[in-house]
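In what follows, a structure is listed as structure tokens, so that the remarks can point back to it.
The values are calculated or read from the model by the stated rules, or taken from the named source; none is laboratory data. As the structure is a computational prediction, the values presented were derived from the model and not from experiment. Heads up, the Cβs are rebuilt from the backbone with ideal geometry, glycines too, and the neighbour counts pull from every protein chain shown. When the accessible area is computed, the model is the full protein with side chains, heavy atoms only, and any ligands, DNA or RNA have been set aside. Shrake-Rupley method; radii C 1.70, N 1.55, O 1.52, S 1.80 Å.
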Amino acid sequence: MQASYGSFDDYIWRFTGRHVIYETGMTTSSLSDAIAADLKMYGMRFIGTTIVYAYLQSIGVINAYEPGCFLHRER
């Protein structure tokens, strides 16, 4: 992965073109499905779409703050 993309950061952000995704009320998405499937092709086990979705939220790729939260931002 590092040889192909330079870093895990670059690998993850390539799925969105370095754009943050704004959505609420979800635990999986087509993005997390695609990344989970791709990671499995790299040999990762015990990974699924819900885990990937939570990870994407934690690193800021997905902004899922509900309206009313002080961290909520519109696009």
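Of note:
- Residue list for the range 43-68, filter: within 11 Å of Met26 (Cα to Cα), in a helix (DSSP H, G or I) and in contact with a helix residue (DSSP H, G or I) (Cβ under 8 Å, 6 or more places away or on another chain): Thr50, Tyr53
- Residue under evaluation His72, criteria (1) in a helix (DSSP H, G or I); (2) in contact with a Ser or Thr (Cβ under 9 Å, 6 or more places away or on another chain), criterion not met: (1)
- Among the residues of the range 22-51, just one is in contact (Cβ under 8 Å) with a residue 24 or more places away in the chain, open to solvent by less than 70 Å² (accessible area, probe 1.4 Å) and under 18 Å from Met1 (Cα atoms), namely Ser32.
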